[in-house]
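Report on the structure given below.
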Amino acid sequence: MRILGLSGMFHDASATMIEDGKILFAGHAERYSREKNDPYINKQLMKEACAYGMPDVIVLHESSKLKNKRRFWQLTWPSIKAALTEPTMEDWLKKFYPQFKGIPVTNCLHHQSHAAAGLLTLPHDWNDAVIVTIDAIGEKQTATISTWEKNQRIMLRHEVNFPNSLGLFYSAVTKAVGLKPMEDEYILMGMAAYGNPVYRVKMETHLFDTPADDLHNCLKTIDMSKGLPESFMSKEALQDEQVQFDLAASAQAVVEERIRSYCRLAFKYSGGSRNLVYQGGVALNCVVNSKLYDIFKNIWIMPNPGDAGSSLGAAALYHFEQTGNFVQWEGPYLGTEIEGKWPTEKFLESLRKGDIFGIANGKAEFGPRALGNRSLFADPRGNEIKDKVNAIKRRQEFRPFAPIVLEEHARDWFEMPGGVIDSPYMSFVCKCLKPEVIPAVVHADGTSRVQTVNRNQHPELYHAMRQWYAETGCPVVLNTSLNIKGQPIVNTEAEADEFAKHYKVKVHCRDDY
């Protein structure tokens with residue numbers, strides 16, 4: 001059976017095609033429209049997804065009826081207007097995709113698709129797991145706890161509903177410091193290292209109804225769907241840069257403690273499972289993720305845990321309900337393909353020259369982070385490299401970059417969380433053990449958002465880095481996404497060529513020696 005999963009109509013639309021458990025394709029709408037976080041599926045995306053054949057069924061990642069019911073319940077003009085005027089995914093399909101007429105369309109719930117995207121891509125042989133999902137908002141749920149045991153269904157155990165939302169709280173602070181909510185939360189996370197959590201107590205008392213250690217209600221907030229209330233801080237005070245950094249540090253401290261509290265509750269509901277599947281947009285906060293190993297021994301975060309990943313979750317859940325089987329997860333390289341040999345020699349040649357350069361080859365990564373196929377690389381050992389790369393990407397100077405490191409050397413260079421040996425999807429931060437050697441990939445707080453690589457995950461990149469290590473004694477390379485701030489990651493070879501021409505950066509698409 002061929003299943004098309006779709007996510008969209010709010011932000012970061014995506015499509016996934018699965019056939020008999022094999023993931024044939026998964027891609028983001030923004031990579032085709034070139035509009036960052038595009039909420040609408042588009043014809044180019046659908047054309048590529050359906051190049052594998054027309055679906056037998058289409059599965060949507062949430063219920064538009066329940067979503068609009070919540071909007072009416074909010075009793076605010078913007079929410080009511082949205083419910084009355086914004087098209088649903090069903091409307092969108094009928095209007096723009098008549099070729100799907102006659103194909104059954106069904107849906108799951110928003111948090112079900114999140115949970116399924118995590119659990120059903122699980123690459124480990126676990127007998128049980130607890131699934132935590134935390135985001136801004138689904139139909140009405142903003143956080144859920146579910147449990148799973150082998151050969152059993154996913155069971156919902158606890159839910160938090162709107163207006164209580166840790167995700168909306170973090171987005172409200174993102175907006176307050178002048179960043180774009182639902183997009184720039186990762187920048188707020190980076191800003192936190194430059195501030196002090198001086199507003200933490202004020203946030204706890206003004207914006208939350210219960211203390212963090214009250215497990216069942218630890219995520220109970222005031223309604224922050226309209227942003228941080230002016231009664232909390234004046235617009236004039238928010239203009240001060242240090243105030244912004246301190247707000248970021250305070251918000252980060254608050255979410256860290258409250259997520260850990262919710263995960264302790266999840267541990268109790270699971271009956272003591274040491275295996276965590278963690279999903280939702282909040283799961284992209286890799287600083288928090290690293291601190292969950294004091295509760296769980298094993299953690300799986302699918303590399304696209306936000307709404308875009310839910311197209312995969314919706315399709316995988318339908319497959320699971322029909323067959324009882326998980327999908328075949330072989331990694332995140334699921335999108336548009338740039339054919340040809342991965343440019344190993346050009347990668348090494350550019351590193352030897354000290355260049356900042358791009359690689360665009362193979363299938364694009366499904367998720368917000370480039371993992372070797374749509375990446376910008378550099379030697380991390382130079383003191384000026386970080387500023388140079390930030391200048392190319394048009395980013396704030398304080399923004400950090402991630403290291404990619406050979407898996408077998410990771411623990412020699414980084415204090416890996418929970419004693420793990422791998423972190424293939426940049427899901428965690430670690431203390432760098434040799435910051436003086438690789439300053440370009442060390443943040444202000446001494447940590448790095450590590451990506452490990454091994455011969456199975458990405459054999460071409462792995463062997464290229466093995467050669468780099470043999471030549472330099474350094475098993476680390478700076479890796480960031482091949483894009484400019486506010487723009488989607490490069491998708492096609494034509495876009496790679498345009499990037500190189502416009503930003504004066506070499507982008508290698510294949511080795512043709």
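Structural remarks
- Output for the stretch 194-214, where each listed residue is open to solvent by 30 Å² or more (accessible area, probe 1.4 Å) and under 26 Å from the mean Cα position of the chain (by Cα): TYR194, ASN196, PRO197, ARG200
- Taken over the stretch 1-36, the criterion of being open to solvent by 20 Å² or more (accessible area, probe 1.4 Å) and within 15 Å of ALA117 (Cβ to Cβ) is satisfied by ASP12 alone.
- Residue list for the stretch 211-260, restricted to those being in contact with a strand residue (DSSP E or B) (Cβ under 9 Å, 6 or more places away or on another chain) and hydroxyl-bearing (Ser, Thr, Tyr): THR221
- Options ALA249, ALA266, ALA253: the member that is buried (at least 23 other Cβ atoms within 10 Å of the Cβ) and modelled with pLDDT of 95 or more: ALA266
- Members of the stretch 133-156 that are part of a strand (DSSP E or B) and more than 19 Å from GLU321 (Cβ to Cβ): ILE134, GLN141, THR142, ALA143, ILE145
- Answer residue from the stretch 316-345, given it is in a helix (DSSP H, G or I) and among the aromatic types (Phe, Trp, Tyr) and is most open to solvent (accessible area, probe 1.4 Å) among those: TYR318
- Filtered by the rule that a residue be of a type in the set (A, V, I, L, M, F, W, C) and either assigned to a helix (DSSP H, G or I) or open to solvent by less than 50 Å² (accessible area, probe 1.4 Å) (or both), the stretch 63-97 gives LEU66, PHE72, TRP73, TRP77, ILE80, ALA82, ALA83, LEU84, MET89, TRP92, LEU93, PHE96.
- Across the stretch 442-462, the number of residues qualifying as surrounded by fewer than 19 Cβ atoms within 10 Å (Cβ to Cβ), of a type outside the set (D, E, K, R) and in contact with a helix residue (DSSP H, G or I) (Cβ under 7 Å, 6 or more places away or on another chain) comes to 2.
- Any chance GLY367 is under 21 Å from the mean Cα position of the chain (by Cα) and assigned to a loop (DSSP other than H, G, I, E, B): yes
- Test result for ILE103, in a loop (DSSP other than H, G, I, E, B), β-branched (Val, Ile, Thr), in contact (Cβ under 8 Å) with a residue 40 or more places away in the chain and touching a Leu at 6+ places or on another chain (Cβ under 8 Å): no
- In the stretch 225-254, residue farthest from LYS202 (Cα to Cα) [restricted to those that are in a helix (DSSP H, G or I) and of a type in the set (Asp, Glu)]: GLU241
- Residues in the stretch 287-309 that are among the aromatic types (Phe, Trp, Tyr) and assigned to a strand (DSSP E or B): TRP300 only.
- Considering residues of the stretch 98-127 that are polar (S, T, N, Q) and under 19 Å from the mean Cα position of the chain (by Cα) only, the residue most open to solvent (accessible area, probe 1.4 Å): GLN112
- So TYR278, is it under 12 Å from the mean Cα position of the chain (by Cα), of a type in the set (Ser, Thr, Tyr), surrounded by 19 or more Cβ atoms within 10 Å (Cβ to Cβ) and at pLDDT 95 or above: yes
- Residue match in the stretch 37-51 (condition: aromatic (Phe, Trp, Tyr) and either open to solvent by less than 20 Å² (accessible area, probe 1.4 Å) or more than 26 Å from the chain's Cα centre (by Cα) (or both)): no
- Test: residue in the stretch 305-315 that is open to solvent by 30 Å² or more (accessible area, probe 1.4 Å) and hydroxyl-bearing (Ser, Thr, Tyr): no
- Residues within the stretch 379-418 that are open to solvent by 10 Å² or more (accessible area, probe 1.4 Å), under 19 Å from PRO475 (Cβ atoms) and more than 23 Å from the chain's Cα centre (by Cα), tallied: 9
- Strands (runs of 3 or more DSSP E) contained in the stretch 377-461 and holding at least 2 residues more than 20 Å from PRO332 (Cα to Cα): 429-432, 447-449
- Of everything listed in (1) out of contact with any Lys or Arg (no Cβ under 7 Å at 6 or more places or on another chain); (2) hydrophobic (A, V, I, L, M, F, W, C); (3) farther than 30 Å from GLY362 by Cα, the single unmet condition for ALA115 is (3).
- Of residues in the stretch 328-359 being touching a Phe, Trp or Tyr at 6+ places or on another chain (Cβ under 8 Å) and of a type in the set (A, V, I, L, M, F, W, C), the one nearest to GLN467 (Cα to Cα): LEU348
- Some residue of the stretch 474-490 being over 16 Å from SER375 (Cα atoms) and open to solvent by less than 20 Å² (accessible area, probe 1.4 Å): yes
- The single residue among LEU348, LEU376 that is aliphatic (A, V, I, L, M), over 30 Å from GLU48 (Cβ atoms) and open to solvent by less than 30 Å² (accessible area, probe 1.4 Å) turns out to be LEU348.
- The listed residues are VAL173, VAL160, VAL130, and the only one of them that is in a strand (DSSP E or B) and buried (at least 24 other Cβ atoms within 10 Å of the Cβ) turns out to be VAL130.
- Selection from the stretch 290-304 of residues that are within 18 Å of ALA193 (Cα to Cα) and surrounded by fewer than 23 Cβ atoms within 10 Å (Cβ to Cβ): LYS291
- Considering GLY446, GLY418, the condition of being free of Cβ contacts under 8 Å to residues at least 60 places away in the same chain and more than 25 Å from ASN373 (Cα to Cα) is satisfied by GLY446 alone.
The values are calculated or read from the model by the stated rules, or taken from the named source; none is laboratory data. Predicted, not measured: the structure shown is a model, and the values here were computed from it. As a convention, Cβ positions derive from the backbone with ideal geometry for all residues, glycine included, and neighbour counts pool all protein chains shown. When the accessible area is computed, the model is the full protein with side chains, heavy atoms only, and any ligands, DNA or RNA have been set aside. Shrake-Rupley method; radii C 1.70, N 1.55, O 1.52, S 1.80 Å.
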